[in-house]
Amino acid sequence: MDIVIRHAREEDLEAAGRVSVEAFVGDGYTSPGSGYVDLLRDTARRSREAELLVAVDAVEGGVLGCVTFAVGGTEWADIADPHEGEIRMLATAAAARGRGVGEALVRAGIARSRELGLAGMAFSTRPDMTTAHRIYERLGFRRAPERDWAPYPGMDLMVYTMAF
């Protein structure tokens, strides 16, 4: 595989922020004027307060994608319980799509959850993020509609879970 997944380094942060904004705004999931864009771009904060994992090109070294990993019950976990891991802000650069970047980042979240001795994972996704849903389902995540939620009116989120 020509992709390496690792914790973000200082030199990765700017590119990871760019990839995050590109994915969410460029794909139409987030308005360019939304305050969420600032959160997506602030990879230094995500790296400091949670775990920011990056996918880098093993040959060229560029950031291909990133995801924020958090343990349930911490500030960066929206839906996971304390015995679960959660991934947020999964993003793949448009130019890297189809290379398995998203799947590799999700697998890294699963591995991190297991490494920490957690009982499983739970995370939110938007209903229109169907490409990501296919990855989640292929890896064994299942829909948990009883845990679906809305952080604010009009922003309905679906929950996927996996027990170990």
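Looking across the range 38-84, the residues that are assigned to a strand (DSSP E or B), of a type in the set (Val, Ile, Thr) and touching a helix residue (DSSP H, G or I) at 6+ places or on another chain (Cβ under 6 Å) come down to 54, 63, 67, 68. Considering the conditions (1) at pLDDT 95 or above; (2) surrounded by fewer than 23 Cβ atoms within 10 Å (Cβ to Cβ), residue 2 is excluded by exactly one of them, (1).
How many residues are within 27 Å of residue 99 (Cβ to Cβ), in contact (Cβ under 8 Å) with a residue 40 or more places away in the chain and β-branched (Val, Ile, Thr) when one looks only at the range 55-83? Number satisfying all stated conditions: 4. Of all residues in the range 88-107, those satisfying the criterion of being farther than 23 Å from residue 157 by Cβ, of a type in the set (A, V, I, L, M) and in contact (Cβ under 8 Å) with a residue 40 or more places away in the chain are 93, 94, 96, 104.
A single entry from 131, 125 fulfils the requirement of being surrounded by 11 or more Cβ atoms within 10 Å (Cβ to Cβ) and at pLDDT below 95: 131.
Each residue in the range 23-37 was checked for being surrounded by 15 or more Cβ atoms within 10 Å (Cβ to Cβ) and part of a helix (DSSP H, G or I), and 5 pass.
Restricting the first member to the range 43-54 and to residues that are surrounded by 15 or more Cβ atoms within 10 Å (Cβ to Cβ) and modelled with pLDDT of 95 or more, and the second to residues that are among the β-branched types (Val, Ile, Thr) and outside any strand (DSSP E or B), the beta-carbon pairs closer than 8 Å and six or more apart or on different chains are 50/74; 52/43. The set of residues in the range 108-150 being under 18 Å from residue 53 (Cβ atoms), assigned to a helix (DSSP H, G or I), without any contact (Cβ under 8 Å) to a residue 40 or more places away in the chain and of a type outside the set (Val, Ile, Thr) consists of 111, 115, 136. Looking across the range 115-146, the residues that are touching a Ser or Thr at 6+ places or on another chain (Cβ under 7 Å) and within 25 Å of residue 82 (Cβ to Cβ) come down to 120, 121, 122, 132, 141, 142, 144.
The values are calculated or read from the model by the stated rules, or taken from the named source; none is laboratory data. Nothing here was measured: the structure is a model prediction, and the numbers come from that model. Heads up, the Cβs are rebuilt from the backbone with ideal geometry, glycines too, and the neighbour counts pull from every protein chain shown.
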